[in-house]
1. If you scan region 88-129, which residues turn out to be among the small types (Gly, Ala, Ser), assigned to a loop (DSSP other than H, G, I, E, B) and in contact with a Lys or Arg (Cβ under 8 Å, 6 or more places away or on another chain)?
2. So how many residues does region 39-58 have that are assigned to a strand (DSSP E or B) and either under 18 Å from the mean Cα position of the chain (by Cα) or of a type in the set (Phe, Trp, Tyr) (or both)?
3. Take the residues in region 110-139 that are of a type in the set (Gly, Ala, Ser) and buried (at least 19 other Cβ atoms within 10 Å of the Cβ), then tell me which one is farthest from Lys61 (Cα to Cα).
4. Can you name every residue in region 260-293 that is among the small types (Gly, Ala, Ser) and at positive phi?
5. Please pick out the residue among Ala266, Ala260 that is in contact with a Phe, Trp or Tyr (Cβ under 9 Å, 6 or more places away or on another chain), free of Cβ contacts under 8 Å to residues at least 60 places away in the same chain and assigned to a loop (DSSP other than H, G, I, E, B).
6. Of all residues being aliphatic (A, V, I, L, M), in a helix (DSSP H, G or I) and within 17 Å of the chain's Cα centre (by Cα) in region 145-188, which is surrounded by the most Cβ atoms within 10 Å (Cβ to Cβ)? Just the residue, please.
Amino acid sequence: MSAEPVLTSDVIGLTKVAPFSRRGFLTASAAVTAGYTLAAGPVRADVIKTDTDGLTAGDAKIKVADGEMPGYFARPKGVSNPPVVLVAMEIFGLHEYIKDVTRRLAKLGAFAVAPDYYFRKRVDLLRISDIQQLLPIVNSKPDAELLSDLDSTVAWAKSQGGDTNRLGIVGFCRGGRTVWEYAAHSGTLKAGVAFYGPPVDPPNPLWPKSPTQLAPEMKAPVLGLYGEADTGIPVAQIEALKAALAAADKTAEFKTYPGAPHGFHADYRASYRREAAEDAWSRMQAWFKKYKVLG
């Protein structure tokens, strides 16, 4: 009998949300047709859609140590040497919300690229409807491989004319954790923005150190954006991460939104909170401008 998948704090925050009415949500078939994941639950009918006017956008093929990793990119047309911003996805794979975020970043002047670093499992994560089936797949991703994939994505963006001297990373949910991990790894990163990235990991030999344990190793300033009502990430954990960074004399800022749940920026889910999401996006832009990622 196999063990139950470990519920990580980001998943707890996703699955324990306030009740909501299904009115105003797409049917499952319509959500899949639009390119959204099934495992995250119902998709809001008024989801944000960003066009490609003024952009070049599409699929990417990124050379990695053991083959070719798919990805999605968006960049402003006619702009040479744009800054590079990595987009670290949630556990749900490279679905339409993450692609839309890359387009939003491109509208701000960035060469944004979202690598599909779960591709080795050869499973279409978008078509998995049960989050319990998803967990063994995403929890088996080793940090060492993840960080190598991100380095390969940076090298690909540079080969395509991106300015990796102005490198940023933004991530959501599990991707928020990835931001903290990459900020401790990369010597070229200029700044990171972590949306509700778990500060503490469950026991997993593939994840040697949690973001809080990595505080003394941070090499780039990170902005942490969290929800006070996140059922998977207690405010005490956020404060402990903040204290660890301060003790190590590392540059970081935090904003915790009162009443906001996990996934408050995810405009396709019931967890979306417009006011918090818009404020957080503005803070992200200001952070990237402060550290010379965005112009």
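The values are calculated or read from the model by the stated rules, or taken from the named source; none is laboratory data. What you see is a predicted model, and the numbers here were worked out from it, not measured in a lab. As a convention, Cβ positions derive from the backbone with ideal geometry for all residues, glycine included, and neighbour counts pool all protein chains shown.
1. Ala110
2. So the count comes out to 0.
3. Ala110
4. Gly263
5. Result of the check over Ala266, Ala260: Ala260.
6. Applying the filter and picking the extreme gives Val179.
Yes or no, residue by residue, for (1) part of a helix (DSSP H, G or I); (2) at pLDDT below 95; (3) of a type in the set (Lys, Arg); (4) within 24 Å of Thr15 (Cβ to Cβ):
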site	(1), (2), (3), (4)
Pro211	no, no, no, yes
Lys219	no, no, yes, no
Ala246	yes, no, no, no
Lys250	no, no, yes, no
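So that you can scan it fast, the table gives a plain yes or no per residue for (1) of a type in the set (D, E, K, R); (2) touching a strand residue (DSSP E or B) at 6+ places or on another chain (Cβ under 7 Å); (3) surrounded by 16 or more Cβ atoms within 10 Å (Cβ to Cβ):
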site	(1), (2), (3)
Leu55	no, yes, yes
Val64	no, no, yes
Gly78	no, no, no
Val84	no, yes, yes
Ile91	no, no, yes
Lys99	yes, yes, yes
Leu108	no, no, yes
Asp143	yes, no, yes
